[in-house]
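The values are calculated or read from the model by the stated rules, or taken from the named source; none is laboratory data. Everything numeric here is computed off the predicted structure, so don't read it as measured data. Here the Cβ positions follow ideal geometry from the backbone for every residue, glycine too, while neighbour counts run over all protein chains shown.
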Amino acid sequence: MRSSRFILIFLFFALFIDCGYSQCGMPPTNNCDQALSDIVLTTPDRIELIFDSFSEYKGGITLNGSSIIRLKVITIPAQPCKWKLSMIVSNNAWGVATDWETMVPYGGAGVGVTPALDLLELRVSNVCNTPINSGLWQQFAPLTGSVIDIINDPFLLTPAGTCNPALQTNGAGSSLTNYNEFSFTIDYRLKPYDPILGFIYRPGRYELHIKFCLQEM
Amino acid sequence: MKKILCGAAILAAMGISSNANAQLVDESNVTITMDLQPILQLNMTGPSNIDFVFDQISEYVGGITQYGATSLQVSSTVSWDLYAVGYSSTGAANWDQQVIYGGGADPAAIDLLPITALEMRQDKANPAPGAATNFADYNAAFVTSPVLTGSNNIYASATPYVRPVDGEKYIAGGNLAVDFVVGGSYLVAQAGIYGSGSSYYYTIDYRIVPGLPATFPNAASNAGVTAALAPGTYAQPGVYTMNVKYVLTENQ
């Protein structure tokens with residue numbers, strides 16, 4: 001009986017470990033070396049945009065190069081290791097799935113709306129311009145869990161060193177040896193002003209999370 | 001039962017081992033915080049002291065008008081109301097007397113001058129007036145004294161930061177939550193209008209008419225209830241001061 005209880009506890013923890021990667025999704029293949037591969041965020045993991053002047057509201061705030069990601073993808077010998085990279089937005093399961101998480105509202109209970117997740121604009125690029133929509137401002141769909149793909153080519157395996165803007169480098173390699181293809185710079189822009197409706201957002205402190213997922217495919 | 005559990009444990013362990021050593025999944029996280037602080041900017045241009053010096057009979061009779069003495073410019077990211085309030089150190093009713101000229105012993109010489117003796121005129125109408133039964137703003141033109149309607153008399157209160165009730169004058173907006181001007185600025189075009197022509201820019205004229213004798217016949221509440229000095233009395237010569245505060249507040 002005692003050993004049965006031990007086994008049940010073990011299974012409980014095993015279940016947790018198994019689900020550890022569930023948000024990025026488990027890949028169907030097994031050709032890259034998980035132990036040696038890595039995604040590294042070389043910049044701060046908290047980005048704060050404070051709007052405390054009228055001109056910032058009207059003109060917005062752009063943060064260039066606020067996030068830089070470096071990849072190292074190591075293949076298992078003689079296997080076709082191919083990967084994809086994506087961003088997933090989350091509002092921490094905030095009550096309204098389309099909105100930023102409200103940390104605290106400022107001022108009185110006046111009119112105003114909570115910003116939607118698509119208020120944030122992102123621009124991903126690298127030197128070789130291999131990302132999808134490289135250098136273009138993009139927005140998440142206004143729903144928590146929405147995804148923007150950075151590298152995702154289901155057909156071709158483009159090896160490191162190709163450095164072709166028409167191709168998405170997605171083979172084994174590293175930012176140490178192929179920096180221009182295995183590092184990604186992310187710019188952020190927020191403009192809390194609607195050109196038609198004007199200043200509609202309720203003052204307050206809002207938050208969202210972006211998960212960068214490196215995944216074998 | 002024990003064998004089944006053992007078998008399940010072995011399978012789970014195999015699963016863990018397979019995840020840890022093979023399929024590539026890795027992630028990094030960034031948290032983005034957006035801090036939207038409410039911006040309410042009121043710029044006032046013009047002198048902070050406005051003097052009315054009455055040293056001619058004609059000035060007593062006709063009063064003194066100071067055109068465009070104050071300009072108010074608003075920039076706001078939230079819906080707002082703007083009002084003016086007159087008060088003194090003694091409260092809402094009377095000016096502060098700083099100096100007495102002459103003997104000052106005449107019992108008919110009154111030193112309690114009504115704050116509502118100050119009249120104002122804004123250059124454009126309140127864009128979002130309340131359902132006031134009286135005057136919703138200071139946009140009425142100055143007309144020849146005496147004026148008994150209360151159309152231009154300043155709102156007086158001993159508590160300047162308590163917004164006027166519905167039925168009192170606002171420069172823009174009103175007491176009710178539905179009476180407000182939306183966020184914006186005189187700096188940017190809204191409906192094609194910007195600068196001094198917009199609802200975010202007001203020019204204020206001032207007028208004081210002492211009358212002869214100096215009873216301030218125009219002094220009245222917004223409902224037109226006179227606050228002039230009683231007949232047979234007159235304003236004691238001297239220096240008087242009062243404060244006009246312009247308050248820009250988030251609509252509530």
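What the table below lists for this structure:
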{"quantity": "Selection count, region B:125-148, where residues are farther than 23 Å from residue B:243 by Cα, in contact with a Phe, Trp or Tyr (Cβ under 9 Å, 6 or more places away or on another chain) and at pLDDT 90 or above", "calculated": "2"}
{"quantity": "Positions within region B:192-207 being surrounded by fewer than 21 Cβ atoms within 10 Å (Cβ to Cβ) and modelled with pLDDT of 95 or more, in sequence order", "calculated": "B:201, B:203, B:205"}
{"quantity": "Residue match in region B:41-62 (condition: within 14 Å of another protein chain (Cβ to nearest Cβ), closer than 30 Å to residue A:115 by Cβ, in contact (Cβ under 8 Å) with a residue 60 or more places away in the chain and assigned to a loop (DSSP other than H, G, I, E, B))", "calculated": "no"}
{"quantity": "Qualifying residue in region A:124-133 (condition: more than 14 Å from chain B (Cβ to nearest Cβ) and either aliphatic (A, V, I, L, M) or closer than 23 Å to residue A:100 by Cα (or both))", "calculated": "yes"}
{"quantity": "Single residue of A:101, A:48, A:56 found to be over 30 Å from residue B:81 (Cβ atoms), crowded, with 17+ Cβ neighbours inside 10 Å and not hydrophobic (A, V, I, L, M, F, W, C)", "calculated": "A:101"}
{"quantity": "Residue match in region B:174-189 (condition: modelled with pLDDT of 95 or more, within 18 Å of residue B:70 (Cα to Cα) and not basic (Lys, Arg))", "calculated": "no"}
{"quantity": "Elements of type strands (runs of 3 or more DSSP E) contained in region A:1-113, each with 1 or more residues being closer than 30 Å to residue B:75 by Cβ and at pLDDT below 95", "calculated": "A:101-105"}
{"quantity": "Hey, residue B:96 in contact (Cβ under 8 Å) with a residue 60 or more places away in the chain, within 20 Å of residue B:240 (Cα to Cα), acidic (Asp, Glu) and away from chain A (no Cβ under 14 Å) or not", "calculated": "yes"}
{"quantity": "Selection status of residue B:175, away from chain A (no Cβ under 11 Å), of a type outside the set (Phe, Trp, Tyr) and closer than 19 Å to residue B:123 by Cα", "calculated": "no"}
{"quantity": "Residue ID - farthest from the other protein chains (Cβ to nearest Cβ), chosen from residues in region A:188-201 that are under 26 Å from the mean Cα position of the chain (by Cα), over 30 Å from residue A:85 (Cβ atoms) and touching a residue at least 60 places away in the same chain (Cβ under 8 Å)", "calculated": "A:193"}
{"quantity": "Matching residues in region A:64-87 - criterion: being among the hydrophobic types (A, V, I, L, M, F, W, C), more than 7 Å from chain B (Cβ to nearest Cβ) and within 16 Å of the chain's Cα centre (by Cα)", "calculated": "A:68, A:71, A:85, A:87"}
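Results for (1) assigned to a strand (DSSP E or B); (2) crowded, with 21+ Cβ neighbours inside 10 Å; (3) facing chain B (nearest Cβ under 9 Å), shown as yes or no for each residue.
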position	(1), (2), (3)
A:176	no, no, no
A:185	yes, no, no
A:207	yes, no, yes
A:213	yes, yes, yes
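For every residue, the table says whether it meets (1) at pLDDT 95 or above; (2) under 30 Å from residue B:198 (Cβ atoms); (3) of a type in the set (Phe, Trp, Tyr).
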site	(1), (2), (3)
B:64	yes, yes, no
B:75	no, yes, no
B:78	no, yes, no
B:83	yes, yes, yes
B:87	yes, yes, yes
B:90	no, no, no
B:101	no, no, yes
B:106	no, no, no
B:117	yes, no, no
